[in-house]
1. If the Cβ limit is 7 Å and pairs must be 6+ apart or interchain, which residue in the stretch 103-119 that is closer than 18 Å to His177 by Cβ and crowded, with 16+ Cβ neighbours inside 10 Å pairs with which residue that is at pLDDT 95 or above and among the charged types (D, E, K, R)?
2. Six or more apart or on different chains, Cβ atoms under 8 Å: show the pairs whose first residue is in the stretch 45-58 and touching a residue at least 60 places away in the same chain (Cβ under 8 Å) and under 21 Å from His94 (Cα atoms) and whose second is assigned to a loop (DSSP other than H, G, I, E, B) and aliphatic (A, V, I, L, M).
3. Please work out which one of (1) in contact with a helix residue (DSSP H, G or I) (Cβ under 9 Å, 6 or more places away or on another chain); (2) part of a helix (DSSP H, G or I) is the condition Thr187 fails and give its number.
4. Name the residues in the stretch 302-312 that are surrounded by fewer than 21 Cβ atoms within 10 Å (Cβ to Cβ) and either of a type in the set (A, V, I, L, M, F, W, C) or closer than 23 Å to Gly220 by Cα (or both), would you?
5. So which pairs qualify, if the first residue must be in the stretch 211-232 and on the phi > 0 side of the Ramachandran plot, the second must be of a type in the set (Asp, Glu) and part of a strand (DSSP E or B), the Cβ gap must be under 8 Å, and the two must be at least 6 apart or on different chains?
6. List, please: which pairs have Cβ atoms under 6 Å, are six or more places apart or on different chains, and start with a residue in the stretch 307-326 that is more than 21 Å from Thr151 (Cα to Cα) and end with one that is at pLDDT 95 or above and not β-branched (Val, Ile, Thr)?
7. Residues that are within 27 Å of the chain's Cα centre (by Cα) and more than 15 Å from Leu202 (Cβ to Cβ): list the strands (runs of 3 or more DSSP E) wholly contained in the stretch 250-307 that include at least 1 such residues.
8. I'm told Ser247 meets every condition in (1) in contact with a Ser or Thr (Cβ under 8 Å, 6 or more places away or on another chain); (2) of a type in the set (Gly, Ala, Ser); (3) closer than 10 Å to Val185 by Cβ except one. Can you identify the failing condition by its number?
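The values are calculated or read from the model by the stated rules, or taken from the named source; none is laboratory data. Here the structure is a predicted model, which means the values were calculated and not measured. When we count neighbours, we look across all protein chains shown, and the Cβ atoms used for this are built from the backbone with ideal geometry, even at glycine.
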Amino acid sequence: MNDTPKYKKRLAITGGAGFIGSNLLHFLVNKYPDYLFVNIDCLTYAGNLTSLAGIEDKANYRFEKIDITSFEKLKACFEKYEFDGLIHLAAESHVDRSITGPAEFVNTNILGTFNLLELARKTAADKKSFRFHHVSTDEVFGSLGDSGYFTELTPYRPNSPYSATKAGSDFLVRAYHKTYNLDVVTTNCSNNYGPYQFPEKLIPLMIRNARADIPLPVYGDGKNIRDWLYVEDHCRAIDLVFHKGKSGETYNIGGHNEIENIKLVKMICRIIDEITDNKGEPKEKLITFVKDRPGHDRRYAIDASFIESQLGWKPKHTFKEGIRKTVQWYIDNEDWLENCISGRYLKYYDDMYSKR
């Protein structure tokens, strides 16, 4: 591409129309005007280009509608932009969907990662330099008991098709570093929350249902524990690891915010009651316990001391302030939420990109 030589770096961001990817692009595109960022996304149900409003017209941003399982299309994209590095977020990620339809998860999370690694290996051989940052999850470690934390040395024990395919992709990335000396870094993060998250996930689902006065489904007894990380803090960590992380290293990223699902849902209800000055029944009345899902991990919690000691990262947001900002964002952006669900944003894609 003729204008790419003027950029200091040319980076591919896979899955940039998704939740974490769109937040990351907002962060990076504005922070690094001398970098070119190319968003590679096939726009599944969870990919939403309206999440990128505000940066889509920036000179250092491009969008390429490509499925990472399509090697030839990816290859053409790599040749077009001559990338210096890649941050890989594209994945099928919802555990419930992996239980009912695991094939898509195997195809995208394992085959798609393999395709990217092969192209990265070729690019590194040609350019002598290419960094591959693989973004993964704490779910690869399985379930914790009442105490203890996941560390970078915790054995992998995935319990769902989703986490198993992410574990497989982690191992592929590791193998390409050990076998081919590819410059890789891997991050395993805890549950993210914040703006632009598709409302099949717990927090935006509860906000939407509470606002609509429909049941708030909570699995089992609601005492499953998750460690929550505000997405902006995750973006800062990704930026730091990509630029300063040691090649071949893995970094766990956690929010130091453990909370039971039921307590989280009640907190969301109270915040909505307060923000909206609810005069009716408290939103907690909508909580409905439903049958637990198969293989539901009881507790996740990350020890993020390694990334803090090595790179100086730690989360800036407490859960109390982060969850309040998140609830407020979804209330202020209900059009985005409803468009996301209805699929009306697909017309946005057709109008903006189909003739390019």
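1. Correct list of pairs: Leu119/Lys75.
2. Cβ pairs passing all conditions: Asn48/Ala17; Leu49/Ala17; Leu49/Leu43; Ser51/Ala17.
3. It is condition (2) that Thr187 fails.
4. Restricting attention to the stretch 302-312, the residues satisfying the condition of being surrounded by fewer than 21 Cβ atoms within 10 Å (Cβ to Cβ) are 303, 305-306, 308-312.
Residues satisfying the conditions are Phe306, Leu311.
5. Correct list of pairs: Gly222/Glu260.
6. If the second residue must be at pLDDT 95 or above and not β-branched (Val, Ile, Thr), the pairs left are His317/Tyr230; His317/Asp233; Gly322/Tyr230; Thr326/Tyr193; Thr326/Gly194.
7. Details: elements: 250-253, 258-260, 287-290.
The strands (runs of 3 or more DSSP E) meeting that bar are 250-253.
8. Here Ser247 meets the rest and fails (1).
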